[in-house]
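Working notes, beginning with the structure itself.
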Amino acid sequence: MFSLWSNPKSLGDVNMVTEELKNLYYKRLLPIEKYYSFHHFHSPSYEDADFDNKPMVLVMGQYSAGKTTFIRYLIEQEFPGSRVGPEPTTDCFTALMYGDTERIIPGNALTVDPKKPFRNLNIFGNSFLNRLQCVQMPNQVLENISIIDTPGILTASKRKLSRGYDFPAVLRWFAERVDRIILLFDSHKLEFSDELTWAFGALLGFEDKLRVVLNKADRMDSQQLMRVYGALMWSLGKVFRTPEILRVYIGSFWSEPRQMCDHYQLIELEEEDLLSDIRNLPRNAAVRKLNDLVKRARLAHAHIISYLKQEMPTIFCKESKKHNLIYQLPVIFTKIQQRHQVPAGDFPDCTKMQEKLLGHDFSKFKALKPALMTSLDKLLTTDIANRMPLLQQQEMSKKSLPSVLDGEFLGTFRPEHYRRDPFKELPKDDESSEIDLDGWVVERYKPKYDEIFYNLSPSEGKLSGTKVKKWMITTLLPNSVLAHIWRLSDIDGDGMLDNEEFALAVHLIEGKLEGHWLPRQLPSHLVPPSKRLSTVRHED
């Protein structure tokens, strides 16, 4: 398989970027947040783990929309505690992260680990922490991203009892910290329940991270799909009242054979677009963290707090004045906007700010401190601009994600994938004919596979990638799965398959159709005997 992107520990510039972001936050922004009690009104302060941890993907949607199946499709294996079914089967927030050994960390233990970015989740109480867990497992995809699986959003008929914690608030906590939000819909079930509407409210302000997926699209004809797609776009437009239209991907995201339909090619193209978006997350992680840091810095919180402090009386009528100021908060926002030239988009949600202000004593608020505001201006005008070249250098140093998310994964059949030096000959193995084939598990089925091979009219004993692909897609397996099978089978990497390599490819396809997981690397017992010496020699 293609090598993973380089280990960050071996790249000094990557560590340097993280340290620079930490320094900017701790030196410039954190003192202002503490002085004006930012975390009481908006979100907790950042910690080291928020900068050091891998990019995170939040997967959410109604129950039975295919969230857990989608995650299994990305990481290409089962994970502890995963269950799939037509009824709500996932009742926990499950953080899938890399670990040398497979283990499950309960929520209460997870929130006290300083190396994990979940410490501030303890504010949601034991009812939530009992529904939180971290699954660590040795998986190549999880070496570079972490995935958050969420409980299925309930329909109106299912929502009779409270979850015991503030579900939308938890979603918003994750939405603020993750790099990508995948929102899945079942193309056969587009009921917009109250809880789904509340969940949408938690995502407001994070539309740039949101990717909507209309799943299971191979189970309907093109006319039905067009109607469902239009209904979904109309419903989303009523919730996210922005001039920009959300991108909705059409697909059937699982690693099993899809049903043949008129829009089969569209599903494959949409799959490639979404996977391309996800696999670029490690490259853009530092930029995203910087973007979130700037978003916090630009929030006009200090101006609001200092204005309320300034308007409060010294002795009498404090309580009535406080309520009057809260009521007039929209007018106060306008005054601050005009006085300090603050854009309207830099103000927090007025209604939520009013709710938070009710529980605070305005007399304890702090007035504007010139030194802190000067430091904030320096952060936004100078410091960030000086770090941009370093961020660009880091992006260039990162390679693509492995496996399904490999940058070259879906391009396996593209001609430019096999550009080679025309003067360089492939190594030949004169002893290959003397190798005993009895140790190859595919040998017993090879006569059947050879019949298919010769019916495809090989040229000089080999089939081109075009001919192989044309046959492979008849299995209706996703292109990403077929590309993985191709990479495992094309052992000599010449872009063609001989009869042994083709037999191996068919054997892997049959195993996948029977429900087995594909190996990430080709085990030695599956390597054709004529290729084993050259493979060992190449590794040496």
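The values are calculated or read from the model by the stated rules, or taken from the named source; none is laboratory data. Quick caveat: nothing in here was measured; it's all calculated off a predicted structure. Reconstructed Cβ throughout: ideal geometry from the backbone, glycine too, with neighbour counts over all protein chains shown. When the accessible area is computed, the model is the full protein with side chains, heavy atoms only, and any ligands, DNA or RNA have been set aside. Shrake-Rupley method; radii C 1.70, N 1.55, O 1.52, S 1.80 Å.
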Cross-link candidates for residue 446: which lysines have Cα within less than 18 Å, leaving aside residues fewer than 8 places away along the same chain? 462, 512, 531
Give the accessible area for residue 52 in Å² (nearest 10); use a 1.4 Å probe, count only protein heavy atoms, and leave out ligands, DNA and RNA. 90
So what is the accessible area of segment 104-195 per residue, in Å², with the probe set to 1.4 Å? 37
Using modelled backbone amide H atoms (1.01 Å from N, in-plane), which distant-in-sequence or interchain residues come within less than 5 Å of residue 134's amide H? 95, 105
What net charge do the residues around residue 318 carry, taking every other residue with its C-beta under 14 Å from that of residue 318, with Lys and Arg at +1 and Asp and Glu at -1? +1
So the FRET efficiency between residue 354 and residue 16, C-beta based with R0 = 41 Å and rounded to 0.05, is 0.45
³J(HN,Hα), Karplus 6.51/-1.76/1.60, whole Hz, each residue of segment 32-37, x for Gly, Pro: 5, 4, 5, 5, 10, 6
Please compute the modelled spin-label separation between residue 334 and residue 454, points set 7 Å along Cα→Cβ, answer in nm with one decimal. 8.6
Accessible surface, 1.4 Å probe, highest first, among residues 178, 441: 441, 178
Rank these residues by their accessible area, most exposed first, probe 1.4 Å: 198, 440. 198, 440
For segment 134-146, just list the computed ³J(HN,Hα) in residue order, Karplus coefficients 6.51, -1.76 and 1.60, θ = phi - 60°, integers in Hz, with x standing in for Gly and Pro. 10, 9, 9, 7, x, 9, 5, 5, 6, 5, 10, 9, 10
For residue 213, what residues show an amide H to amide H distance below 5 Å, using hydrogens built from the backbone and excluding near sequence neighbours? 183, 184, 185, 249
Exposure rank, largest accessible area first [442, 331; 1.4 Å]: 331, 442
Highest first, please rank the peptides 21-27, 317-323 by the mean number of other Cβ atoms sitting within 10 Å of their residues. 21-27, 317-323
